Amino acid sequence: MSFLTRSPLSLDALLGEVSSPERGGTCAFLGTVRNGPEEHGVTAIEYSAYDEMADAELGRILSEVRERWPQARAGVRHRIGKIPAGEASIAIVVAAPHRAQAFEACRYVIEEIKRRVPVWKRELRLDGTAVWVDPSGQPTTSPPVPTPSPFSRLAEREGHV
Amino acid sequence: MSFLTRSPLSLDALLGEVSSPERGGTCAFLGTVRNGPEEHGVTAIEYSAYDEMADAELGRILSEVRERWPQARAGVRHRIGKIPAGEASIAIVVAAPHRAQAFEACRYVIEEIKRRVPVWKRELRLDGTAVWVDPSGQPTTSPPVPTPSPFSRLAEREGHV
Amino acid sequence: MQLSVASGTVRVQFFARYAEMVGCREAAIVVTLPATVGDVVRRVREELPGARGLPERPLTAVNLKHVKLDASVQDGDEVALLPPVAGG
Amino acid sequence: MQLSVASGTVRVQFFARYAEMVGCREAAIVVTLPATVGDVVRRVREELPGARGLPERPLTAVNLKHVKLDASVQDGDEVALLPPVAGG
């Protein structure tokens, strides 16, 4: 099983992976492609990954959750490829016997993902340009590249743009 | 519209109420009826409420979220009536431009609900007994009442047990 | 000479364990005005069978809002006696 | 008299902006062993056209794990040069 997918994410499917009657508190996080006042007309973000390592790193993060919160169970999916504004790129669900653990562990997972998982994004703008996003959330200063990115490895394999 | 319902809860429906392209981080919380090692065979919990006040209090909590996190939007549903172990009694969704706000506001909503919203629960046990639950999560010391509770007001109106 | 004394009637609601103890869910209580929620609670505990078991200082609400026992009540108010809440 | 020098070949992978700069996604790099990831990065920057623009101390991974530049590499390792990650 891979934690990466090219399909739209569903919290309900992830909930099924982690919920059980002993775990009464479930915290979920969805990260969606933003197009707000700070974003200057982002129509979509193209996510690419070092697939094998991203998958391994996500698995390691889930193992850490089990070590730190032994009674909690976490599930995660990272969507890659071209994701339209408003749709989710990351879904995390953590179920635990009590809510404090669920909130803490869910926050841990998203913070570790931001810090460690080798995924990159390129904003696709209304004006047709594309800009690599740096981890602070700001576009990089490198010149916009108006051509589609060839660097999503899954995209190539599966024949997507 | 009421924040109380007798139907199973759906995160997806709540997500639709709060998500928008400007809000890139969404945190959700689901509280489910627990039947773990601490619960001694709980088959269901019967939730009753002071309906009108619970509804008003939930509305006030959502207004407070707007005051404290002006860019965030929160949605909530509390299920009442008899809820089988494993099913959700409370669903909260908060969408915000950034994830820290979403986590903080979602946690705020559940903590305020636990503190303020006039809802009570009676555990229904495998052995046929029923026990009022006190807010610490422990059953009260009053003697178990083996008959169905007559105190769910919505139940009466809608003809449910 | 006659003293004119104002009185008011409040609807008192009971929930969950308290409703079981009192044996009913609602009662009309007459109080001399001005009166506080604490006065209403005292009258309830004196007048209603089963209400002796209620705490002297329960959680209370007036017209759908949490209040302290020194909050004043008016004729027609809805006063609620709330067991410790356990929502969520 | 002949000095026997061990050498190894590592597969170096480039991603996102780095792949654009270097103009390819993967290269085979030969290094004299023992060698570190830092040695590999130096060879990449010297040998590959476009690789001069890479940082001298990029994020790196060996065999799917984050490592520091002083980590050692073996023949056959997969070394990755990672732009600052932006997942989630």
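Values quoted throughout were computed directly from the atomic coordinates according to the rules given, and no laboratory measurement underlies them. It should be emphasised that the depicted structure is a prediction, and the values quoted were computed from it without experimental measurement. We place every Cβ from the backbone using ideal geometry, glycine too, and count neighbours over all the protein chains shown.
For the reader, a short list of remarks on this structure follows.
- Under a model in which nothing but the beta-carbon of Lys, Arg (+1) and Asp, Glu (-1) is charged, region A:4-157 shows a dipole of about 160 debye around its Cα centre.
- A simple spin-label model places the labels of D:D75 and A:A13 4.4 nm from each other, with each point 7 Å out along Cα-to-Cβ.
- Region C:8-82: relative contact order in percent, alpha carbon pairs under 8 Å with at least 6 residues between: 41 percent
- Counting only other chain Cβ atoms within 10 Å of each residue's Cβ, the peptide B:35-44 averages 2.
- Geometric descriptor of region A:4-157, per residue, is 110 Å³ (volume of the convex hull of the Cα atoms).
- Electrostatic bookkeeping for C:R17 treats Lys and Arg as +1 and Asp and Glu as -1; over the other residues with beta carbon under 14 Å from its beta carbon, the sum is -1.
- As a rough footprinting exposure proxy, the listed residues A:L30, C:L48 were ranked by other beta carbons within 10 Å of their own, and the order from fewest upward is C:L48, A:L30.
- Each part reduced to its alpha carbon centroid, region C:46-88 and region B:35-97 end up 23 Å apart.
- Each Lys and Arg contributes +1 and each Asp and Glu -1, all at the Cβ; summed about the Cα centre of chain C, the dipole is approximately 220 debye.
- Using a Förster distance of 45 Å, the FRET efficiency for C:T32-B:T5 (Cβ separation, nearest 0.05): 0.60
- Cα centre as origin, Lys/Arg/Asp/Glu Cβ charges: the protein assembly as shown dipole, Debye: 240 debye
- Lone cysteines, the protein assembly as shown (no partner Cβ under 4.7 Å): C:C24, D:C24
- Working note: 222 nm ellipticity from helices only, DSSP H runs with n ≥ 4, each -39,500 (n - 2.57), summed and divided by the residues of the protein assembly as shown, gives -8500 deg cm²/dmol to the nearest 500.
- Shielding by partners for peptide A:94-107, expressed as the average number of C-beta atoms from other protein chains within 10 Å of each residue's C-beta, is 3.
- Selection from C:P83, D:Q13, A:A130 lying farthest towards where the dipole of the protein assembly as shown points positive, charges on Cβ: C:P83
- Its relative contact order, with pairs defined as Cα atoms under 8 Å and 6+ residues apart, puts region B:4-157 at 31 percent.
- Counting from the shortest, the label point at D:V30, 7 Å from Cα toward Cβ, is 10.9 nm from the same position in each remaining copy.
- Candidate cross-link partners of A:K114 among the lysines, defined by an alpha-carbon separation under 23 Å and a same-chain spacing of 8 or more, comprise A:K82, D:K65, D:K68.
- Placing a label point 7 Å from Cα along the Cα-to-Cβ axis, A:E17 is separated from the same position in the other copies by 2.7 nm, shortest listed first.
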